[in-house]
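A short worksheet on the structure shown next.
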Amino acid sequence: MKNDQIAAVFEQLSDLLEIQEANPFRIRAYRSAGRTIGSTAESFASLVEEDADLTQFSGIGKDLAKQIVEVVMTGQHAQLAELKEQIPPGVVDMLRIRGVGPKKVAVFYNKLNLQSLDQLKAAAQAGELSALKGFGKKTEQSILDNIDLAAEAGKRISIAEARTAAEAIVEDLRQLKSVTQTAVAGSCRRRRETCGDLDVLATSSDATAAMDRLAEHSLVDSVLQRGDTKQRVRLKSGVELDLRVVADSSYGASMQYFTGSKEHNVVVRQRAKDLGLKVNEYGVFQGDEQIAGATEEDVYAALNLPWIPPELRENRREFELAAAGDMPRLVEVSDVKGDLHMHTTASDGAASILEMAEAAKSRGLKYIAITDHSKRVSMANGLDAARLRTHWDDIRAAREQIDGIELLCGIECDILEDASMDLDDDVLAEADWVVAVLHYGLQQPRAQIMKRLLAAIQNPNVNIIGHPTGRLVDKREGADINMTEMLKAAADHGVMMEINAHFKRLDLDDVHAAAARDLGIPIVISTDAHSVNGFDVLQYGVDQGRRAGLTKEDVANTKTWSQFKKLLER
Ligand SMILES: [Zn+2]
Ligand SMILES: [Zn+2]
């Protein structure tokens, strides 16, 4: 279980308790526990396994520690389950309306007994909300404006979709002569795995022209709100995008502010306060005087901080690294020299060995491993020993037809449900590169999953564990893995770990990739390309590596071929 998921349990718990108008101290305690868990790099699931003392974390007392253990061990929280029984789901849906928090929902539910979005809408239309104490016509109208969107709100898009849309819009705005600077901010700039909304900033002498241009963009479905310098639109994908036109003197401060994360900016604001300064979206201020704001570098410098890469702005380690003067130079797409996971027509890929090699070479890669599926994946036409050996002969033959790129005879070999490998050791021993993976039986109990992973790691023919958890972002939970134990075994046996770059996988995730790096495990960022265009996803894997704080040195496939070759000698 990931920290985000554990954090979400406590956040939901605080929301539901607030709707029930429970003790505010308890609500606050749960909320702060959620924040602590969500922003801690160490995996709480692993800490629980190790029986570690959770009260070492700020805001987590004995009682909360017990509840965290319960959540990790059972995947459930008894009190939350009870609250969900008591409070109708339609009431919880009201939280999705923009500008409506648990306090307002509590009033709708407890005072008017409204139990669904439809009932709330009818009450708003009848003017019943503005008749409530503490509510006005404005709130009522805002609810009416936003309630229809609430059904779809909470929709998140993949980082690939987010980047593609936001970057296209930025490119389009750049075409305007009046626009001097424009860029993507928000969670998309931090390269989160998914984005719930998008933020774009621009500086321009003509805000109207910029907003008009955005309104006409082919990705835009409708304009939801428009002010003098800010416009909110809804994209056809369902997510909302905010464009803010800001002054040049505030551009850096706005980028900093709207890039977030919230948790990062809490620390930034506190730091300003400690220095007798104030920081907001307009700049850094000493009294009434603006002392920084035009660039992000200036904003951080005014707070005695180095510029912090957006991917690290999660209030995890970035302030420690800054204090130590240790801000890493994060890995970049252009650092990558090899790709060690891809498929061809021999299994479920769309291109031949030579086509994949040519495409990789044209992207500047110097070495690749062809890793088609093993036989267990029959749906993907997986290879048995005889077909694999013929396939490897084909790879060797292809070497003669292309220069300037090394081709490795590889295999993506399933670790079967009984912990044996899908191909015999004598076959695997002939490979240049073996990616061991879990595809089936992901739901097995943790003990069996660990037996499988450890067996693979101890197999001397295995080079790397591919997409280690098997999760699909926002779609499928990964296998129940004792991450600490797996990574320690991998470190002991010289087995590498993959960041699968496909935006639907991004596996390992940022937190676990950082943990692997901390143990000195070489990390390989692989595309798992199934076609020549499949190499395009590399950037998302690199983004994930950057969120993990990885440098070029941490990523094995940034090495030259002759350096990398040495890593293969286990
Ligand atoms: Zn796979
Ligand atoms: Zn694969």
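Consider segment 331-347 and keep the residues that are aliphatic (A, V, I, L, M) and away from ligand 2 (no atom under 14 Å from the Cβ). The one that is farthest from LYS366 (Cα to Cα) is VAL331. So for segment 180-191 (the condition being touching a strand residue (DSSP E or B) at 6+ places or on another chain (Cβ under 7 Å), more than 25 Å from LYS262 (Cβ to Cβ) and not assigned by TED's automatic domain parsing to the domain that holds ILE27), does at least one residue qualify? Yes, that holds for at least one residue.
Taking segment 350-377 as the range and being outside any strand (DSSP E or B), buried (at least 24 other Cβ atoms within 10 Å of the Cβ) and within 11 Å of ligand 2 (Cβ to nearest atom) as the test, the residues that pass are THR371, ASP372. Note on segment 447-483: residues that are among the polar types (S, T, N, Q), closer than 15 Å to MET1 by Cβ and modelled with pLDDT of 95 or more total 1. In the condition set (1) under 21 Å from SER39 (Cα atoms); (2) away from ligand 1 (no atom under 16 Å from the Cβ), LEU508 is compliant with all but (2).
Among the helices (runs of 4 or more DSSP H) confined to segment 1-110, the ones with at least 1 residues that are over 28 Å from the mean Cα position of the chain (by Cα), modelled with pLDDT of 90 or more and of a type outside the set (Phe, Trp, Tyr) are located at 3-19, 24-38, 62-74, 78-86, 89-93. The residues of segment 178-234 that are free of Cβ contacts under 8 Å to residues at least 12 places away in the same chain and crowded, with 16+ Cβ neighbours inside 10 Å amount to a single one, ARG232. LEU176 is checked against (1) at pLDDT 95 or above; (2) assigned to a helix (DSSP H, G or I) and fails just one. What number does that condition carry? Answer for LEU176: the failing condition is (2).
Considering every residue within segment 106-124, establish whether at least one is of a type in the set (Val, Ile, Thr) and surrounded by 21 or more Cβ atoms within 10 Å (Cβ to Cβ).
no
Somewhere in segment 379-391, is a residue more than 23 Å from LEU568 (Cα to Cα), within 15 Å of ligand 2 (Cβ to nearest atom), modelled with pLDDT under 95 and assigned to a loop (DSSP other than H, G, I, E, B)? Yes, segment 379-391 has at least one match. Taking the listed residues ASN315, ASN304, ASN265, ASN280, the one that is of a type in the set (S, T, N, Q), under 28 Å from the mean Cα position of the chain (by Cα) and surrounded by fewer than 18 Cβ atoms within 10 Å (Cβ to Cβ) is ASN280, with no other qualifying.
The values are calculated or read from the model by the stated rules, or taken from the named source; none is laboratory data. Fair warning: this is a prediction, and the values are worked out from it, not measured in the lab. Here Cβ is always computed from backbone atoms with ideal geometry, including for glycine, and neighbour counts include all displayed protein chains.
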